[in-house]
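The values are calculated or read from the model by the stated rules, or taken from the named source; none is laboratory data. Nothing here was measured: the structure is a model prediction, and the numbers come from that model. Methodologically, a virtual Cβ is constructed for each residue, glycine included, from the backbone with ideal geometry; neighbour enumeration extends over all protein chains shown.
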Amino acid sequence: MASPSLPSLSRRGFCLCCVGGAFAATTGWLTPRQAYAEARGLVSLIKDSAAISPITTYKLRNNVSVLEGSGGNIAVLTGPDGKLLVDAGIGVSRQRISKALAELGNEPVAHLINTHWHFDHADGNEWLHAAGAKILAHENTRKHLSVVQRVEDWDYNFLALPPSAVPSQVFAGDHHLKVNGASIALKYYGPAHTDSDISVMFTEANVLHVGDTFWNGIYPFIDYSTGGSIDGMIAASDANLAMAKDDTIIIPGHGKPVSNKAELQGFRDMLVAIRDNVGNLKKQGKTRDETVAAKPTAAFDAKFGQFVIDPGFFTRLVYEGV
């Protein structure tokens, strides 16, 4: 998300963009640790941005839509069984999300799926549960949301969510639902962006929500604190490509919310190339700073390096995992 003065980034970028947008122009790139120290708290800035960011609705197919503007992109399935949401956004967006949901139909909220545990995807769990949603997620999502969870690269300790906001139903591998006449397939990736990521396929609509295993047009964050892995991100991309058809609508966790297999392929190829470049430099004995200075991401920076996960930060993330 962006700083309040940059609303376009708040919709297109990652939640950390609120930090980068506020400080990059005057101080250059700050690591999340530095930005946290200078900016009265990362999560506070995220909430400030979400509190004013508009919610934009994109109608897709078969009563599936996507909402953009509150943390991760939120999928919505409407129908007589009640609305099903994939991801919850950030709690301070409640009023705007509620308005967007009402414009999609008068059905109550009945189901919520978390693609993973991160704040910008699960902070809205509490109010959505109060509105009637039963929360479903991978078992590791419940584990992380139930305890104080630290993310080192954000220099932040996330408190446990209230019991009502923690998923009441969890699964370990694959899970299948039938809601509003739609077949919904949930699949666990293994360690990828975190160790809790799942995909959500709306089978008849041919719409695939892949959470933060895909950041459309921007370098991704990899959360090593909770099991993330650059190799796992690539494996998740391969799994997503295997599930997708040429006409599948793909919903990424961040970035332009309506994507396709070709854009996902470009993201996967970028990950592989940069992993290999960084890995080769590390094998040569280059330090992390020397690897950053060698610019192993240069071929992709114009497309993917324009947000807060800048080339240097992404290089450091990859270096940690090769």
Exercise. Restricting to the stretch 132-145, what's the tally of residues that are surrounded by fewer than 17 Cβ atoms within 10 Å (Cβ to Cβ) and either touching a Pro at 6+ places or on another chain (Cβ under 8 Å) or within 11 Å of Leu112 (Cα to Cα) (or both)?
Worked result: 2
Problem set entry | Matching residues in the stretch 32-78 - criterion: being under 24 Å from Ala133 (Cα atoms), at pLDDT 80 or above and assigned to a helix (DSSP H, G or I) | Ala50, Ala51
Exercise. Here is a list of conditions, (1) part of a helix (DSSP H, G or I); (2) among the charged types (D, E, K, R); (3) in contact with a helix residue (DSSP H, G or I) (Cβ under 7 Å, 6 or more places away or on another chain), and Asp289 meets all of them except one; can you say which number that is?
Worked result: (3)
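Restricting attention to the stretch 178-192, which residues are touching a residue at least 24 places away in the same chain (Cβ under 8 Å) and either under 20 Å from Leu67 (Cβ atoms) or outside any loop (DSSP other than H, G, I, E, B) (or both)? Quick ask: steps written out before the conclusion?
Within the stretch 178-192, the subset touching a residue at least 24 places away in the same chain (Cβ under 8 Å) is 179-182, 184, 186-192.
Listed by number, the residues that qualify are Val179, Asn180, Ala182, Ile184, Leu186, Lys187, Tyr188.
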Problem set entry | Matching residues in the stretch 147-204 - criterion: being in contact with a Lys or Arg (Cβ under 9 Å, 6 or more places away or on another chain), crowded, with 21+ Cβ neighbours inside 10 Å and of a type in the set (Phe, Trp, Tyr) | Trp154, Phe202
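Looking at the stretch 120-131, is at least one residue surrounded by fewer than 23 Cβ atoms within 10 Å (Cβ to Cβ), modelled with pLDDT of 95 or more and either under 16 Å from the mean Cα position of the chain (by Cα) or part of a loop (DSSP other than H, G, I, E, B) (or both)? Steps first, please.
First, the residues of the stretch 120-131 that are surrounded by fewer than 23 Cβ atoms within 10 Å (Cβ to Cβ): 126-127, 129-131.
In the following step, the residues that additionally are modelled with pLDDT of 95 or more were identified as 126-127, 129-131.
Those still in the list that are either under 16 Å from the mean Cα position of the chain (by Cα) or part of a loop (DSSP other than H, G, I, E, B) (or both) too: 131.
So far as the stretch 120-131 goes, yes, one or more of its residues are surrounded by fewer than 23 Cβ atoms within 10 Å (Cβ to Cβ), modelled with pLDDT of 95 or more and either under 16 Å from the mean Cα position of the chain (by Cα) or part of a loop (DSSP other than H, G, I, E, B) (or both).
Here are Asp231, Asp212, Asp238: which of them is buried (at least 21 other Cβ atoms within 10 Å of the Cβ) and at pLDDT 95 or above? Steps first, please.
Details: Asp231 fails: buried (at least 21 other Cβ atoms within 10 Å of the Cβ); Asp238 fails: buried (at least 21 other Cβ atoms within 10 Å of the Cβ).
Of Asp231, Asp212, Asp238, the one residue that is buried (at least 21 other Cβ atoms within 10 Å of the Cβ) and at pLDDT 95 or above is Asp212.
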Problem set entry | Filtered residues of the stretch 261-286 (kept if surrounded by 15 or more Cβ atoms within 10 Å (Cβ to Cβ) and outside any helix (DSSP H, G or I)) | Lys286
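Could you please find all residues in the stretch 290-312 being touching a residue at least 24 places away in the same chain (Cβ under 8 Å) and charged (D, E, K, R)?
At the first step, the residues of the stretch 290-312 found to be touching a residue at least 24 places away in the same chain (Cβ under 8 Å) are 291-292, 297, 299-300, 303-312.
Passing the criteria: Lys303, Asp310.
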Seminar exercise, completed: Exception for Pro296 within (1) surrounded by 17 or more Cβ atoms within 10 Å (Cβ to Cβ); (2) assigned to a helix (DSSP H, G or I) falls at (2)
Exercise. Somewhere in the stretch 147-157, is a residue over 30 Å from Tyr319 (Cβ atoms) and either touching a strand residue (DSSP E or B) at 6+ places or on another chain (Cβ under 6 Å) or not basic (Lys, Arg) (or both)?
Worked result: no
